[in-house]
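The values are calculated or read from the model by the stated rules, or taken from the named source; none is laboratory data. For clarity, every value in this text was computed on a predicted model and none was experimentally measured. Note that each Cβ is placed from the backbone with ideal geometry, even for glycine, and that neighbours are counted across all protein chains shown. Just so you know, the surface numbers come from the protein's heavy atoms only, side chains and all, with ligands and any DNA or RNA stripped out. Shrake-Rupley method; radii C 1.70, N 1.55, O 1.52, S 1.80 Å.
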Amino acid sequence: MNDMNDMNIEKGINGAKTALVFGGARGIGAAAVQRLAADGHAVAFTYVSRPDKASELMASVEAGGAQALAIEADSADPAAIRHAVERTAERFGSIDVLVVNAGLLRMGTIDTVSLEDLDRMLDVNVRGVYLAIQATLPHLRDGARVVTIGSNVAIRTGLAGASVYQLTKTAVAGLVKGVALDLAPRGITVNNVQPGPTDTDMNAGAIDALAGMSPLKRVAQPREIAGLIAYLASDEARYVTGASFTIDGGLTL
């Protein structure tokens, strides 16, 4: 587990709020990092497989005048999750916004999914979300924001071969309802964003087909999903909690 640009600096910029984004190096996560930084947050984010993308994102955020910290952490590893939280708290102090975006999709019909793939998706997409919130709690300010990234497959029919992914994202939608009640006494809101087809690495090679399924005849751009995340992370959303928000262009499948 490595940190990029690990140097001693004062915590925060003029009292800036701090955000931690799990799975923040690419796609929706990277867009969330950029938007939260533009909104005045110092942002830490995790990455697993693309240190080059993490370096580029950190440089972009810092060029815009915000602080950034990239941390190598696999969300299937409880120790790595704790490490990411601890590094963020050490660097920036208390955490105001937690975004849990790390996710994994391995396609396969129920007769072909291996136990390894089943466990891996459950570990990252469900257990990883739970443990990220749990590990961050001691560092979350009262009135903080927690945003999970689910999927519209929690309410749509979905696709053949995505049953495990659909299972995990439905679990996340249920999880936020309970955790929202747990954290309500501290004024911490917990909400879930459920994107539909989005122009990310996960959908590479299928963008045209996915666009054809949409009433709007296009897929979402990551920055559009980040806009909803930013709203839920803002002061304007302080009375919104325990909810799932589907953003999929009106997909009807």
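Could you give the angle, 0 to 90 degrees to the nearest 10, between helix 163-183's Cα long axis and the longest principal axis of the Cα atoms of the chain?
Roughly 40 degrees between the two axes.
Which whole-Hz ³J(HN,Hα) couplings does region 48-55 yield from phi under the Karplus relation 6.51 cos²θ - 1.76 cosθ + 1.60, θ = phi - 60°, glycine and proline marked x?
10, 10, 10, x, 5, 5, 5, 5
Among bridges DSSP assigns within the chain, what percent are antiparallel (round to 5)?
In the chain, DSSP labels about 5 percent of beta bridges as antiparallel.
List the lysines whose Cα lies under 26 Å from the Cα of Lys17, skipping any in the same chain that are fewer than 8 positions away.
Qualifying lysines at Cα under 26 Å: Lys53, Lys177.
Leaving ligands, DNA and RNA out of it, report the carbon-plus-sulfur percent of the accessible area of region 196-253 at a 1.4 Å probe. It would help to have the intermediate numbers written out before the result.
Numbers: 1770 of 3220 Å².
The nonpolar share, carbon plus sulfur, comes to 55 percent.
Once the whole set of protein chains is in place, how much accessible area is left on Glu90, using a 1.4 Å probe, in Å² to the nearest 10?
Answer for Glu90: close to 120 Å² accessible.
When ranked by the protection proxy of mean other Cβ atoms within 10 Å per residue, highest first, what sequence do the peptides 198-209, 73-84, 30-41 form?
30-41, 73-84, 198-209
Taking +1 at the Cβ of each Lys and Arg and -1 at the Cβ of each Asp and Glu, which of Ile133, Gly196, Ala144 sits farthest along the dipole of region 120-223 towards its positive end, judged by Cα position relative to the Cα centre?
Comparing the listed Cα positions along the dipole, Ala144 ranks first.
At 1.4 Å probe size, what's the solvent-accessible area of Ser49? Round to the nearest 10 Å².
Taking all protein chains as shown, Ser49 has close to 70 Å².
In debye, nearest 20: dipole of the chain around its Cα centre with unit charges on the Cβ of K, R (+) and D, E (-)?
Charge dipole of the chain: 600 debye, to the nearest 20.
Given the protein chains as shown and a 1.4 Å probe, how many square angstrom of Glu86 are accessible, to the nearest 10?
Accessible surface of Glu86 is approximately 90 Å².
Give the accessible surface of the chain per residue, rounded to a whole number of Å², with probe radius 1.4 Å and ligands, DNA and RNA excluded.
Accessible surface, normalised per residue, equals 45 Å².
When the helices in the chain are scored as -39500 (n - 2.57) per DSSP H run of 4 or longer and the sum is shared across all residues, what 222 nm value do you end up with, to the nearest 500 deg cm²/dmol?
Values: 8 runs with 96 residues, N = 253.
Only helices count here, giving -12000 deg cm²/dmol.
Round to the nearest 10 and give me the degree value, 0 to 90, for the angle of helix 27-38's Cα axis relative to the longest principal axis of the chain.
30 degrees
Taking amide H positions as placed in the peptide plane 1.01 Å from N, state which residues far from Gln194 in sequence (5 or more) or on other chains have amide H under 5 Å from it.
Gly150, Phe245, Thr246, Ile247
Which percent of the accessible heavy-atom area of region 39-149 goes to carbon and sulfur, probe 1.4 angstrom? Spell out each step's value before the answer.
Numbers: 2310 of 4520 Å².
Of all accessible area on region 39-149, carbon and sulfur atoms account for 51 percent.
Within region 207-253, report the chymotrypsin sites (Phe, Trp or Tyr not before Pro) that DSSP leaves as loop and that have at most 13 other Cβ atoms within 10 Å. It would help to have the intermediate numbers written out before the result.
Working: sites: Tyr231, Tyr239, Phe245; in loops: Tyr239.
Answer by residue number: Tyr239.
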